[in-house]
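To keep things clear, I will list the structure first and then write my remarks on it.
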Amino acid sequence: MFWADKVKEEARRKFKAQSDAGEVLVVRDEKTASGRVHVGSMRGVAIHDVVSDVLTRAGTKALFSYEINDFDPMDGIPAMLTEAEWKQYLGMPLNRVPSPDGRAKNFAEFYAAEFCEVITKAGFTPTFYRGSELYLSGKMNDVLRIALEHTADIRRIYKEVSGSQKKDDWLPVSMVCAQCGKIGTTHAYTFDGEKVSYRCIAGAGGAEGCGYEGSDTPWNGNAKLPWKVEWPAKWKVVGVHIEGAGKDHSTRGGSRDVANHISKDVFGYEPPLDIPYEFFLVGGAKMSSSKGRGSSAKEVSDLVPQHIFRLALLGAQPERAMNLDPAGETIPLWFDWYDKIAEKYWSGVADDDARLFELVHAHTPPERMYLPRFSTVVFVAQMPHLNLEKEVSALKGGALTSSEIDVLNERVAYVKTWLSTYAPDAYKFELQQTPPASMQQFSALQKDAFARIAVFVAAHNVIDGAELHAHLHALKAELGMDAKQLFGGIYQAFLGRDSGPQAGWFLATLDRNFLLGRLQVAAK
């Protein structure tokens, strides 16, 4: 059973009473808009969206609610911004920091706009809201009071569950400084039942406080809860039933463990069904939004069409990390993966791959068609002497349908984008119009092989790629050559490099006179 269907069945069992009573199951996720959002954060979006979708299609009402967290303090400066200009805003709520472009409503909205656009482009349909709305509207007031009145319990849970020792004057709130407007620099130390006393000193990431000391009510956006308290507080306020998180949060003693205990013991709310998941990794390392390490969600979504992006996000079990390297093999492998599951679905195979194909296309998969390999399109698109549609039609063995032409054109567009941005040199080909100097290093055995290939070409007015490829393998065996000697030599002679596409097909696409002439030169 596909992983999303397993979660669906577990949720239907767990929340049967609520569902039977007509209650809508709330599926929630969130992202702090502290910088350009990396593609790893799309994993959570995809997982929660598809769970909400399959629940709804199974007759269980569900709503995917996505929070743009814009009330956290700015605790770092994104790579694209200068420290000299932006250090002054460290510690301020993100929704009060100005937009980097001077046009968006605030800092958070500047980065959220791009991320929300990527989410929509990928075909996911959450209901968006902002974290600041919960605080400013007063919806968080009750849980703020509960947290403050149960400070001792929260300190105990921190210590017992995670080993974190909080000082006796620590309170589970951060006040917005009445003087400088910062929230990440304040230390709250007493609560009299209505007002919180605090001082503005220093905060994370080098944030500097103003030294103000005073008191104020924590209601209606004057304060916020720390993450491990805020998380379960939002579960209660929003009424969350299902919410996963990065697997690192779900370890014993981790933030999810602390949040679960606070949810039950302090807020009296049953924690949501968890879906621990891994992120995308770049070179095996988790990506950081604020530091700009890795590829942004926007950059990756621009490299592939919607169905390929959805495949990458939904195709692996949630607990499995997905390694992403746009400058390596990732993009061609994603397309090959898609072609594989498409063939399974069209062949009537009823397995997880076929189910994945349905979800990739949001339950409206296309009819069977011929799909040219991405790597093949990469090569042909770089050979100006070739007619792309003609070559792909030859590979198919017949004329392309209108749908197949559309797919081909789509792949060509993404091939060109990839080649101009991330594609490694191994995928960049240029037919050498003059014999490369490396041909002078060919061995006698290689020269003999080229002479024999030239004889084959001379004997055929029309070169069939499959027939020529079979001849090359037979020749390799006859002469006792290894693949690198024969095929590497062919690629050197025509491309000036050691690798290339399937040799027989490649040579058959060349002008016959050009092919024969180059083989004869290589044989000398």
Of those in the stretch 58-72 that are touching a Lys or Arg at 6+ places or on another chain (Cβ under 6 Å) and polar (S, T, N, Q), the residue nearest to Leu94 (Cα to Cα) is Ser65
Filter the stretch 116-132 for residues that are among the small types (Gly, Ala, Ser) and assigned to a helix (DSSP H, G or I); the one that is farthest from Ser296 (Cα to Cα) is Ser132
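Looking only at the stretch 197-235, filter to residues that are in a helix (DSSP H, G or I) and among the hydrophobic types (A, V, I, L, M, F, W, C); which one of those is farthest from Leu148 (Cα to Cα)? Before you say what the answer is, go through the steps one by one.
Residues of the stretch 197-235 that are in a helix (DSSP H, G or I), as a first pass: 204-206, 227-235.
Checking which are among the hydrophobic types (A, V, I, L, M, F, W, C) leaves us with 204, 227, 229, 231, 233, 235.
Working: Ala204: 22, Trp227: 15, Val229: 11, Trp231: 15, Ala233: 12, Trp235: 17 Å.
The selected residue is Ala204.
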Tell me, yes or no, whether the stretch 149-163 has at least one residue that is open to solvent by less than 30 Å² (accessible area, probe 1.4 Å), touching a residue at least 24 places away in the same chain (Cβ under 8 Å), of a type outside the set (Ser, Thr, Tyr) and part of a strand (DSSP E or B).
-> no
Any residue in the stretch 190-205 that is under 22 Å from Gly138 (Cα atoms), of a type in the set (Val, Ile, Thr) and open to solvent by 60 Å² or more (accessible area, probe 1.4 Å)?
-> yes
In the stretch 352-385, anything closer than 15 Å to Leu495 by Cα and surrounded by fewer than 19 Cβ atoms within 10 Å (Cβ to Cβ) is listed as Ala381, Gln382, Met383, Pro384, His385
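Is it true that Ala413 is open to solvent by less than 60 Å² (accessible area, probe 1.4 Å), within 18 Å of Val300 (Cα to Cα) and at pLDDT below 95?
Numbers: open to solvent by less than 60 Å² (accessible area, probe 1.4 Å): yes; within 18 Å of Val300 (Cα to Cα): yes; at pLDDT below 95: no.
Considered against the rule, which asks whether it is open to solvent by less than 60 Å² (accessible area, probe 1.4 Å), within 18 Å of Val300 (Cα to Cα) and at pLDDT below 95, Ala413 comes out as no.
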If you scan the stretch 320-351, which residues turn out to be in contact with an Asp or Glu (Cβ under 7 Å, 6 or more places away or on another chain) and of a type in the set (Val, Ile, Thr)?
-> Ile341
Could you say whether any residue in the stretch 28-36 is open to solvent by 60 Å² or more (accessible area, probe 1.4 Å) and either more than 27 Å from Ala233 (Cβ to Cβ) or free of Cβ contacts under 8 Å to residues at least 40 places away in the same chain (or both)?
-> yes
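What is the residue count in the stretch 99-115 for residues that are in a loop (DSSP other than H, G, I, E, B) and open to solvent by less than 50 Å² (accessible area, probe 1.4 Å)?
Initial filter on the stretch 99-115 (in a loop (DSSP other than H, G, I, E, B)): 99-106.
Next, only the ones that are open to solvent by less than 50 Å² (accessible area, probe 1.4 Å) stay: 99-100, 104, 106.
So the count comes out to 4.
Which one is surrounded by the fewest Cβ atoms within 10 Å (Cβ to Cβ) among residues in the stretch 208-253 that are of a type outside the set (Asp, Glu) and modelled with pLDDT under 95?
Of the stretch 208-253, the ones of a type outside the set (Asp, Glu) are 209-212, 214-215, 217-229, 231-242, 244-247, 249-253.
Then drop every residue that is not modelled with pLDDT under 95, which leaves 245-247, 249-253.
Working: Ala245: 20, Gly246: 18, Lys247: 18, His249: 19, Ser250: 18, Thr251: 11, Arg252: 8, Gly253: 12.
Filtering the stretch 208-253 for residues that are of a type outside the set (Asp, Glu) and modelled with pLDDT under 95, the one surrounded by the fewest Cβ atoms within 10 Å (Cβ to Cβ) comes out as Arg252.
When the residues of the stretch 436-455 are narrowed to those that are under 18 Å from Gly504 (Cβ atoms) and in contact with a Leu (Cβ under 7 Å, 6 or more places away or on another chain), which ends up most open to solvent (accessible area, probe 1.4 Å)?
Restricting attention to the stretch 436-455, the residues satisfying the condition of being under 18 Å from Gly504 (Cβ atoms) are 446, 449-455.
Filter again for in contact with a Leu (Cβ under 7 Å, 6 or more places away or on another chain), leaving 449-450, 452-454.
Numbers: Ala449: 1, Phe450: 3, Arg452: 87, Ile453: 0, Ala454: 10 Å².
Top of the filtered list is Arg452.
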Of the residues that sit in the stretch 498-523 and are in contact with a Lys or Arg (Cβ under 9 Å, 6 or more places away or on another chain) and not in a helix (DSSP H, G or I), which one is most open to solvent (accessible area, probe 1.4 Å)?
-> Asp498
Which one of these does Asp425 not meet: (1) closer than 17 Å to Phe506 by Cα; (2) exposed (fewer than 14 other Cβ atoms within 10 Å of the Cβ)?
-> (1)
Residue count, the stretch 44-98, condition in a helix (DSSP H, G or I) and open to solvent by 40 Å² or more (accessible area, probe 1.4 Å), comes to 10
Complete set of residues in the stretch 431-470 that are part of a loop (DSSP other than H, G, I, E, B) and either under 19 Å from Asp482 (Cβ atoms) or touching a residue at least 60 places away in the same chain (Cβ under 8 Å) (or both) = Leu431, Gln432, Pro435, Pro436, Phe442, Ser443
List every residue pair whose Cβ atoms lie under 7 Å apart, where the two residues are 6 or more positions apart in sequence or sit on different chains, the first residue falls within the stretch 327-345 and is farther than 16 Å from Tyr370 by Cβ and open to solvent by less than 10 Å² (accessible area, probe 1.4 Å), and the second residue, located anywhere, is part of a helix (DSSP H, G or I) and not acidic (Asp, Glu).
-> Ile331/Trp418; Pro332/Phe374; Pro332/Ser375
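Sort out for me the helices (runs of 4 or more DSSP H) sitting completely within the stretch 354-426 that have 1 or more residues that are among the aromatic types (Phe, Trp, Tyr) and touching a residue at least 12 places away in the same chain (Cβ under 8 Å). Talk me through it step by step, then tell me what you get.
Details: elements: 374-381, 388-396, 402-421.
Filter on the stretch 354-426 gives 374-381, 402-421.
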Number of the condition not met by Trp334 [criteria: (1) part of a helix (DSSP H, G or I); (2) over 17 Å from the mean Cα position of the chain (by Cα); (3) modelled with pLDDT of 90 or more] = (2)
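The values are calculated or read from the model by the stated rules, or taken from the named source; none is laboratory data. Small disclaimer: the values here were computed from a predicted structure and weren't measured. Quick reminder, even Gly has a Cβ in these numbers, built from the backbone with ideal geometry, and neighbours come from all protein chains shown. These area figures cover heavy atoms from the full protein model, side chains too; ligands, DNA and RNA do not enter into them. Shrake-Rupley method; radii C 1.70, N 1.55, O 1.52, S 1.80 Å.
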